[in-house]
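Each remark here refers to the structure printed beneath this line.
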Amino acid sequence: EFIDFVSDNYFYIQDSTLDRMDQDFNDLLASFNLDEAQKLNEKLLQISRIFENTLYEARFLANQGRVEVARQNWKSSIPYFDEALKIDTFNLNALYFRGYAYSQQEDYYHALQDFDIITEKWPDLAVGHGNKGWYLLLEGKLFQARASCQRAYELDSTSMSNAINLGHSYMLLGDTATAKRYYGKTMELLTSRQDYRTGLADFDIFLKNGW
C-alpha cells in the first residue's frame, strides 16, 4: 500500500519532502527512538528507489547503518555503509560511521582507511583529524598521531577530546612538559564527571598495551 501511494503521488513528492523526513529520522535517532527511526528510514529508502534517486538511496542506506551503530551492532552495520559507498563514494556519514564501527571492533587498519579519505576530502573537519589521531595512537603510530591530533586541536581547541588526545600524543613520545600543558587545557574543558571518567579510561588502555 505504501509503495502504491508513493507511485500514485510521484509528482507531489519533492526533494525537500525527503529532506524534512530525513531530519525527522535524525531527531528520532538522537532521542534513541531506534525502532521508529528504522521504520521511517525504510520508507525513505523505498521512496528513493522508486524515484531512482541514487544519492538519496545512499544517504538512507547509511542511515540504516547508523541505526545499527546506535544499537552497537558493529558488524551488521558495515554492509549498509558498504552499499552506500558503492553508490556514493564520498558519502560522509557512511565513511565516518563505518570507520567508527571498525574501530569498535579494534580494526584500526580499516578504520584509518576511512578516516584517511575523510581528512583528505574534508581537510577542515576537526572530528575527522581527531578520530584519525586517536586510532593512530592506538596503533602505536605516535608521530603520525601527533600530527593528526595537532591538526584537530588547531581546528577546534574547544573540544575536550582534541585537547586530551594531543596531550596523550606528547606524553607517549616522552614530552611530558608539553603533555601536561594540554592536560591542563583538558581540565578546563571538562563539563561532567563522565568526561573525567572517559579521560581516565584512556590511561587504562595505555597501561593495558604496556605503554
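The values are calculated or read from the model by the stated rules, or taken from the named source; none is laboratory data. Quick caveat, the model's predicted, so the values are computed rather than measured. For neighbour counting, all protein chains shown are included, and Cβ atoms are generated from backbone atoms with ideal geometry for every residue, glycine included. For the accessible areas, the whole protein counts, side chains as well, though only heavy atoms, and no ligand, DNA or RNA atoms are used. Shrake-Rupley method; radii C 1.70, N 1.55, O 1.52, S 1.80 Å.
So the check is Cβ under 6 Å with 6+ separation or different chains; which pairs have a first residue in region 120-133 that's more than 17 Å from LEU166 (Cβ to Cβ) and a second one that's open to solvent by 20 Å² or more (accessible area, probe 1.4 Å) and assigned to a loop (DSSP other than H, G, I, E, B)?
Here the result reads LYS121/PHE90, each pair linking region 120-133 to a residue that is open to solvent by 20 Å² or more (accessible area, probe 1.4 Å) and assigned to a loop (DSSP other than H, G, I, E, B).
Any residue in region 26-35 that is part of a loop (DSSP other than H, G, I, E, B), at pLDDT below 95 and surrounded by fewer than 14 Cβ atoms within 10 Å (Cβ to Cβ)? I'd like the intermediate steps shown before the answer.
Filtering region 26-35 for residues part of a loop (DSSP other than H, G, I, E, B) gives 31-33.
Applying the additional criterion that residues be at pLDDT below 95 yields none.
The answer is no; no qualifying residue exists.
Go through (1) out of contact with any Cys (no Cβ under 8 Å at 6 or more places or on another chain); (2) touching a residue at least 24 places away in the same chain (Cβ under 8 Å); (3) closer than 21 Å to TYR108 by Cβ; (4) among the hydrophobic types (A, V, I, L, M, F, W, C) and name the single condition LEU137 misses.
So LEU137 meets the others, but not (1).
Inspect region 139-149 for any residue being open to solvent by less than 70 Å² (accessible area, probe 1.4 Å) and modelled with pLDDT under 95 and give the result as yes or no.
Among the residues of region 139-149, at least one is open to solvent by less than 70 Å² (accessible area, probe 1.4 Å) and modelled with pLDDT under 95, which makes the answer yes.
Condition (residue is among the charged types (D, E, K, R) and either within 27 Å of ALA152 (Cα to Cα) or in contact with a His (Cβ under 7 Å, 6 or more places away or on another chain) (or both)) applied to region 56-73: is it met by at least one residue?
yes
Determine whether region 80-102 contains at least one residue that is open to solvent by 60 Å² or more (accessible area, probe 1.4 Å), over 21 Å from ASP204 (Cα atoms), hydroxyl-bearing (Ser, Thr, Tyr) and free of Cβ contacts under 8 Å to residues at least 60 places away in the same chain.
yes
Considering only region 50-73, how many residues are over 27 Å from SER103 (Cα atoms), open to solvent by 70 Å² or more (accessible area, probe 1.4 Å) and in a helix (DSSP H, G or I)?
Residues flagged as over 27 Å from SER103 (Cα atoms), open to solvent by 70 Å² or more (accessible area, probe 1.4 Å) and in a helix (DSSP H, G or I) within region 50-73 amount to 1.
The conditions are (1) more than 17 Å from the chain's Cα centre (by Cα); (2) part of a helix (DSSP H, G or I), and TYR109 fails exactly one of them. Which is it?
(1)
Filter region 163-211 down to residues that are part of a loop (DSSP other than H, G, I, E, B) and within 22 Å of GLN104 (Cα to Cα), then give me how many there are.
3
Can you confirm whether ILE47 is farther than 30 Å from ASP175 by Cα, at pLDDT below 95 and open to solvent by less than 40 Å² (accessible area, probe 1.4 Å)?
yes
Hey, can you tell me all the residues within region 150-167 that are over 27 Å from PHE90 (Cβ atoms) and open to solvent by less than 40 Å² (accessible area, probe 1.4 Å)?
Scanning region 150-167 gives MET160, ALA163, ILE164, LEU166, GLY167.
Give the residue that is nearest to the chain's Cα centre (by Cα), with candidates limited to residues of region 168-211 that are open to solvent by 60 Å² or more (accessible area, probe 1.4 Å) and among the hydroxyl-bearing types (Ser, Thr, Tyr).
So, considering only residues that are open to solvent by 60 Å² or more (accessible area, probe 1.4 Å) and among the hydroxyl-bearing types (Ser, Thr, Tyr), the one nearest to the chain's Cα centre (by Cα) is THR198.
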